[in-house]
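Enquirer: So that we are looking at the same thing, I have put the structure below in C-alpha coordinates.
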Amino acid sequence: MDTVETKDFGTQPIVHRDCPHCGRDNDAVVPSRYSHEPWHIKECAGCGFVYIDRALRYEAQFEAMAWERTTKVEEQRRAELRPISYKASKRTRFRMHLLPKRTMHGYIAGRIAGGNVLDLGCGDGAPLLSFPTSFTPFGVEISSALAAKADTAFRARGGYAINAPCVEGLRHLPEHFFAAASLRSYLEHEADPLGVLQNLNRVLAPDGFAVVKVPNYGSLNRVVMGRRWCGFRYPDHLNYFTPKTLRAMAAKAGFATAFGATGRLPTSDNMWAVLSKRG
Ligand SMILES: [Zn+2]
(Lines give C-alpha, C1' and ligand atoms only; values in the text may rest on other atoms or scores of the structure.)
Protein backbone atom coordinates (compact mmCIF):
# COMPACT_ATOMS: atom_id res chain seq x y z
CA MET A 1 0.00 0.00 0.00
CA ASP A 2 1.21 3.52 -0.80
CA THR A 3 1.82 5.89 2.04
CA VAL A 4 2.16 9.62 2.43
CA GLU A 5 4.09 11.68 4.96
CA THR A 6 1.80 14.17 6.63
CA LYS A 7 3.10 17.13 8.58
CA ASP A 8 0.93 16.53 11.61
CA PHE A 9 0.04 12.83 11.58
CA GLY A 10 3.17 10.98 10.45
CA THR A 11 3.00 8.26 7.81
CA GLN A 12 -0.51 7.57 6.56
CA PRO A 13 -1.59 4.87 4.08
CA ILE A 14 -3.37 6.13 0.96
CA VAL A 15 -6.02 4.30 -1.04
CA HIS A 16 -6.90 4.58 -4.73
CA ARG A 17 -10.28 6.00 -5.70
CA ASP A 18 -12.24 5.19 -8.84
CA CYS A 19 -14.64 7.88 -10.08
CA PRO A 20 -17.16 8.27 -7.24
CA HIS A 21 -19.93 8.96 -9.76
CA CYS A 22 -19.54 6.29 -12.47
CA GLY A 23 -16.93 3.93 -10.97
CA ARG A 24 -14.39 4.36 -13.80
CA ASP A 25 -10.71 3.86 -12.99
CA ASN A 26 -9.00 7.06 -14.22
CA ASP A 27 -5.46 5.99 -13.37
CA ALA A 28 -4.32 6.71 -16.95
CA VAL A 29 -5.87 10.19 -17.03
CA VAL A 30 -3.38 13.08 -16.81
CA PRO A 31 -3.75 14.96 -13.50
CA SER A 32 -5.20 18.46 -13.84
CA ARG A 33 -3.07 21.55 -13.28
CA TYR A 34 -4.82 21.99 -9.93
CA SER A 35 -3.11 18.90 -8.53
CA HIS A 36 -0.84 19.24 -5.52
CA GLU A 37 1.57 16.33 -5.03
CA PRO A 38 0.83 13.64 -4.12
CA TRP A 39 -2.85 14.52 -4.61
CA HIS A 40 -3.95 14.29 -8.24
CA ILE A 41 -7.15 16.01 -9.27
CA LYS A 42 -8.66 14.11 -12.19
CA GLU A 43 -11.56 14.76 -14.51
CA CYS A 44 -13.25 11.43 -15.15
CA ALA A 45 -12.84 10.43 -18.79
CA GLY A 46 -16.18 8.67 -18.61
CA CYS A 47 -18.56 11.16 -16.95
CA GLY A 48 -16.58 14.38 -16.37
CA PHE A 49 -16.75 14.27 -12.56
CA VAL A 50 -13.76 16.01 -10.92
CA TYR A 51 -12.13 14.37 -7.89
CA ILE A 52 -8.88 13.43 -6.17
CA ASP A 53 -8.11 9.87 -7.20
CA ARG A 54 -6.58 8.79 -3.90
CA ALA A 55 -7.46 9.37 -0.29
CA LEU A 56 -6.36 8.75 3.24
CA ARG A 57 -8.12 5.91 5.03
CA TYR A 58 -11.68 6.94 5.88
CA GLU A 59 -11.03 7.56 9.58
CA ALA A 60 -7.88 9.53 8.88
CA GLN A 61 -9.68 11.56 6.24
CA PHE A 62 -12.20 12.83 8.76
CA GLU A 63 -10.69 12.49 12.18
CA ALA A 64 -6.94 12.95 12.04
CA MET A 65 -7.26 15.77 9.52
CA ALA A 66 -9.72 17.70 11.66
CA TRP A 67 -11.44 20.25 9.47
CA GLU A 68 -10.57 23.31 11.48
CA ARG A 69 -6.97 22.26 11.62
CA THR A 70 -6.72 21.65 7.88
CA THR A 71 -8.36 24.99 7.26
CA LYS A 72 -5.63 26.66 9.25
CA VAL A 73 -2.87 24.72 7.48
CA GLU A 74 -4.41 25.61 4.11
CA GLU A 75 -4.78 29.28 4.97
CA GLN A 76 -1.16 29.32 6.00
CA ARG A 77 -0.14 27.52 2.80
CA ARG A 78 -2.02 30.00 0.64
CA ALA A 79 -0.63 32.94 2.59
CA GLU A 80 2.91 31.69 2.08
CA LEU A 81 2.30 30.94 -1.59
CA ARG A 82 0.94 34.31 -2.70
CA PRO A 83 0.45 36.98 -0.07
CA ILE A 84 -1.22 39.39 -2.49
CA SER A 85 -3.80 36.89 -3.71
CA TYR A 86 -4.48 35.88 -0.15
CA LYS A 87 -5.35 39.45 0.72
CA ALA A 88 -7.55 39.68 -2.36
CA SER A 89 -9.40 36.57 -1.37
CA LYS A 90 -9.96 37.98 2.13
CA ARG A 91 -11.42 41.08 0.54
CA THR A 92 -13.66 38.86 -1.58
CA ARG A 93 -14.86 37.16 1.56
CA PHE A 94 -15.61 40.49 3.14
CA ARG A 95 -17.65 41.48 0.11
CA MET A 96 -19.59 38.23 0.28
CA HIS A 97 -20.60 39.01 3.85
CA LEU A 98 -22.44 42.08 2.63
CA LEU A 99 -24.90 39.77 0.87
CA PRO A 100 -27.75 38.30 2.94
CA LYS A 101 -26.35 35.36 4.87
CA ARG A 102 -27.53 32.01 3.62
CA THR A 103 -28.01 29.44 6.38
CA MET A 104 -29.02 25.80 6.72
CA HIS A 105 -31.55 26.93 9.30
CA GLY A 106 -33.08 29.30 6.76
CA TYR A 107 -33.27 26.59 4.10
CA ILE A 108 -34.87 23.95 6.33
CA ALA A 109 -36.97 25.95 8.82
CA GLY A 110 -38.08 28.13 5.93
CA ARG A 111 -39.69 25.10 4.26
CA ILE A 112 -41.12 23.05 7.13
CA ALA A 113 -42.31 23.92 10.65
CA GLY A 114 -40.72 20.90 12.34
CA GLY A 115 -40.00 17.17 12.26
CA ASN A 116 -37.05 14.79 12.40
CA VAL A 117 -33.97 16.40 10.90
CA LEU A 118 -30.68 14.66 10.17
CA ASP A 119 -27.25 16.31 10.03
CA LEU A 120 -24.57 14.32 8.18
CA GLY A 121 -21.16 15.10 9.63
CA CYS A 122 -22.95 16.73 12.57
CA GLY A 123 -19.80 17.57 14.56
CA ASP A 124 -20.68 18.44 18.15
CA GLY A 125 -24.31 19.03 17.13
CA ALA A 126 -24.25 22.81 17.43
CA PRO A 127 -25.84 23.61 14.03
CA LEU A 128 -29.06 21.64 14.69
CA LEU A 129 -29.38 22.87 18.27
CA SER A 130 -30.13 26.35 16.94
CA PHE A 131 -33.31 24.99 15.28
CA PRO A 132 -36.73 25.51 16.97
CA THR A 133 -37.73 22.74 19.42
CA SER A 134 -40.35 21.56 16.89
CA PHE A 135 -37.37 19.91 15.14
CA THR A 136 -35.94 16.69 16.60
CA PRO A 137 -32.19 16.54 15.91
CA PHE A 138 -30.30 13.45 14.69
CA GLY A 139 -26.80 13.13 13.35
CA VAL A 140 -24.00 10.91 12.07
CA GLU A 141 -20.43 11.82 12.95
CA ILE A 142 -17.14 9.94 12.43
CA SER A 143 -15.26 11.60 15.32
CA SER A 144 -15.98 9.72 18.58
CA ALA A 145 -15.46 12.76 20.78
CA LEU A 146 -17.70 15.03 18.71
CA ALA A 147 -20.37 12.31 18.23
CA ALA A 148 -20.56 11.75 22.02
CA LYS A 149 -21.07 15.46 22.59
CA ALA A 150 -23.76 15.66 19.88
CA ASP A 151 -25.49 12.53 21.19
CA THR A 152 -25.87 14.00 24.69
CA ALA A 153 -27.26 17.25 23.33
CA PHE A 154 -29.57 15.56 20.81
CA ARG A 155 -30.97 13.09 23.40
CA ALA A 156 -32.06 16.01 25.55
CA ARG A 157 -34.17 17.05 22.54
CA GLY A 158 -35.53 13.55 21.71
CA GLY A 159 -33.01 12.57 19.03
CA TYR A 160 -29.55 10.99 19.00
CA ALA A 161 -26.22 10.89 17.15
CA ILE A 162 -24.48 7.83 15.68
CA ASN A 163 -20.69 7.52 15.76
CA ALA A 164 -19.85 5.99 12.36
CA PRO A 165 -18.88 6.76 8.78
CA CYS A 166 -21.98 8.24 7.11
CA VAL A 167 -22.86 5.34 4.79
CA GLU A 168 -22.73 2.90 7.71
CA GLY A 169 -24.55 5.27 10.07
CA LEU A 170 -27.35 5.78 7.54
CA ARG A 171 -27.89 2.00 7.34
CA HIS A 172 -28.75 2.01 11.05
CA LEU A 173 -31.42 4.68 10.70
CA PRO A 174 -35.11 3.88 10.08
CA GLU A 175 -36.63 4.09 6.59
CA HIS A 176 -38.67 7.21 5.64
CA PHE A 177 -37.96 8.69 9.06
CA PHE A 178 -36.65 12.17 8.27
CA ALA A 179 -38.42 15.28 7.04
CA ALA A 180 -35.12 16.91 6.11
CA ALA A 181 -31.37 16.42 6.07
CA SER A 182 -28.46 18.84 6.25
CA LEU A 183 -25.27 18.19 4.25
CA ARG A 184 -23.28 21.30 4.99
CA SER A 185 -19.64 21.41 3.81
CA TYR A 186 -19.64 17.63 4.04
CA LEU A 187 -20.14 15.93 0.65
CA GLU A 188 -16.84 17.26 -0.72
CA HIS A 189 -15.02 15.34 2.07
CA GLU A 190 -16.87 12.04 1.56
CA ALA A 191 -15.04 9.14 -0.17
CA ASP A 192 -18.37 7.63 -1.28
CA PRO A 193 -20.73 10.56 -1.96
CA LEU A 194 -23.03 8.53 -4.23
CA GLY A 195 -23.37 5.79 -1.58
CA VAL A 196 -24.27 8.43 0.99
CA LEU A 197 -26.93 10.00 -1.23
CA GLN A 198 -28.43 6.59 -2.06
CA ASN A 199 -28.65 5.62 1.61
CA LEU A 200 -29.95 9.07 2.48
CA ASN A 201 -32.78 8.61 -0.02
CA ARG A 202 -33.97 5.55 1.92
CA VAL A 203 -34.21 7.31 5.29
CA LEU A 204 -35.96 10.44 4.01
CA ALA A 205 -39.78 10.61 4.07
CA PRO A 206 -41.45 10.52 0.61
CA ASP A 207 -41.83 14.32 0.73
CA GLY A 208 -38.46 14.74 2.47
CA PHE A 209 -35.57 16.80 1.17
CA ALA A 210 -31.87 17.35 1.73
CA VAL A 211 -30.07 20.69 1.63
CA VAL A 212 -26.53 20.48 0.27
CA LYS A 213 -23.83 23.12 0.55
CA VAL A 214 -20.59 22.33 -1.31
CA PRO A 215 -17.81 24.34 -2.96
CA ASN A 216 -18.73 25.12 -6.57
CA TYR A 217 -15.90 23.98 -8.86
CA GLY A 218 -17.73 25.87 -11.61
CA SER A 219 -17.22 29.20 -9.81
CA LEU A 220 -15.43 32.08 -11.51
CA ASN A 221 -13.08 32.38 -8.58
CA ARG A 222 -11.72 28.89 -9.26
CA VAL A 223 -10.83 30.01 -12.79
CA VAL A 224 -9.31 33.29 -11.58
CA MET A 225 -7.47 31.97 -8.53
CA GLY A 226 -6.38 28.64 -10.02
CA ARG A 227 -4.71 26.43 -7.44
CA ARG A 228 -5.11 29.13 -4.83
CA TRP A 229 -8.91 28.86 -4.97
CA CYS A 230 -10.28 28.34 -1.43
CA GLY A 231 -12.27 25.29 -2.57
CA PHE A 232 -9.08 23.28 -3.06
CA ARG A 233 -7.98 21.42 0.05
CA TYR A 234 -5.50 18.62 -0.31
CA PRO A 235 -6.52 15.95 0.40
CA ASP A 236 -9.59 16.61 2.52
CA HIS A 237 -11.75 17.96 -0.30
CA LEU A 238 -11.98 14.77 -2.36
CA ASN A 239 -14.87 15.74 -4.65
CA TYR A 240 -15.17 18.88 -6.80
CA PHE A 241 -18.81 19.34 -7.79
CA THR A 242 -20.21 21.65 -10.42
CA PRO A 243 -23.97 22.34 -10.51
CA LYS A 244 -24.14 19.85 -13.41
CA THR A 245 -22.25 16.98 -11.73
CA LEU A 246 -24.04 17.49 -8.39
CA ARG A 247 -27.36 17.24 -10.24
CA ALA A 248 -26.20 14.12 -12.11
CA MET A 249 -25.05 12.33 -8.95
CA ALA A 250 -28.20 13.30 -7.05
CA ALA A 251 -30.33 11.99 -9.96
CA LYS A 252 -28.50 8.67 -9.81
CA ALA A 253 -29.48 8.48 -6.13
CA GLY A 254 -33.13 9.26 -6.96
CA PHE A 255 -33.22 12.98 -6.20
CA ALA A 256 -34.38 15.98 -8.20
CA THR A 257 -32.10 18.99 -7.68
CA ALA A 258 -33.21 22.62 -7.35
CA PHE A 259 -30.76 25.49 -6.96
CA GLY A 260 -33.30 28.31 -6.80
CA ALA A 261 -32.48 31.75 -8.16
CA THR A 262 -29.24 32.23 -6.23
CA GLY A 263 -28.00 28.75 -5.26
CA ARG A 264 -25.37 28.46 -7.98
CA LEU A 265 -24.12 31.95 -8.71
CA PRO A 266 -20.76 31.70 -10.53
CA THR A 267 -19.59 34.62 -8.36
CA SER A 268 -19.88 32.50 -5.22
CA ASP A 269 -17.31 29.89 -4.14
CA ASN A 270 -20.10 27.66 -2.82
CA MET A 271 -23.41 26.40 -4.10
CA TRP A 272 -26.61 25.48 -2.28
CA ALA A 273 -29.01 22.85 -3.60
CA VAL A 274 -32.25 21.31 -2.41
CA LEU A 275 -32.52 17.61 -3.26
CA SER A 276 -36.08 16.22 -3.29
CA LYS A 277 -37.14 12.61 -3.60
CA ARG A 278 -38.87 11.99 -6.87
CA GLY A 279 -42.49 10.91 -7.38
ZN1 LIG B 1 -16.96 9.07 -13.85
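Enquirer: Calculate the FRET efficiency for residue 134 and residue 278 from the Cβ-Cβ distance with a Förster distance of 30 Å, rounded to the nearest 0.05.
Expert: Rounded to the nearest 0.05, the efficiency is 0.65.
Enquirer: Subtracting the Cα-Cα distance from 0.36 nm times the residue separation, let me have the gained length for residue 57 to residue 101 in nm, one decimal.
Expert: 12.4 nm
Enquirer: Can you work out the PRE-style zone for residue 164? Point 7 Å along Cα to Cβ, and I want the residues of the range 109-147 with backbone N under 11 Å.
Expert: Within reach of a label on residue 164: 140-141.
Enquirer: On a full-extension model of 0.36 nm per residue, what is the gain between residue 224 and residue 185, subtracting their alpha-carbon distance, rounded to one decimal in nm?
Expert: So the extension gain works out to 11.8 nm.
Enquirer: Additional query: Taking all protein chains in place and a 1.4 Å probe, what share, in percent, of the accessible surface of the range 1-57 do carbon and sulfur account for?
Expert: Here carbon and sulfur together make up 48 percent of the probe-accessible area.
Enquirer: Now for a different question. Jot down the per residue volume, in cubic angstrom and as a whole number, of the convex hull over the alpha-carbon atoms of the range 169-208.
Expert: It is 65 Å³ per residue.
Enquirer: Still on this model: Give the share of C-alpha pairs in each 5 angstrom bin for the range 189-279, from 0 to the last occupied bin, in whole percents, shortest bins first.
Expert: P(r) over the range 189-279, rounded to whole percents: 3, 15, 24, 23, 18, 11, 5, 2, 0.
Enquirer: With each pseudo-label sitting 7 Å past Cα toward Cβ, what's the residue 33-residue 16 distance in nm, one decimal?
Expert: For the pair residue 33/residue 16, the computed spacing is 2.8 nm.
Enquirer: Could you work out Rg/(2.2 N^0.38 Å) for the range 119-230, with Rg from alpha carbons only?
Expert: Its radius of gyration relative to the 2.2 N^0.38 Å reference: 1.14.
Enquirer: Semi-axes of the range 132-188's equivalent ellipsoid from the Cα gyration tensor, sqrt of 5 times each eigenvalue, largest first, rounded to whole Å?
Expert: 17, 15, 12
Enquirer: Next question, about the same structure. Could you pull out the pairs from 149/252; 149/213; 213/277 whose alpha carbons sit more than 26 Å apart here?
Expert: From 149/252; 149/213; 213/277, over 26 Å: 149/252.
The values are calculated or read from the model by the stated rules, or taken from the named source; none is laboratory data. In this text the structure is predicted, and so the values were computed from the model without any measurement. All Cβ positions, even for glycine, are placed from backbone atoms using ideal geometry, and neighbour counts span all protein chains on display. Ligands, DNA and RNA are excluded from the accessible area calculation, which covers all protein heavy atoms including side chains. Shrake-Rupley method; radii C 1.70, N 1.55, O 1.52, S 1.80 Å.
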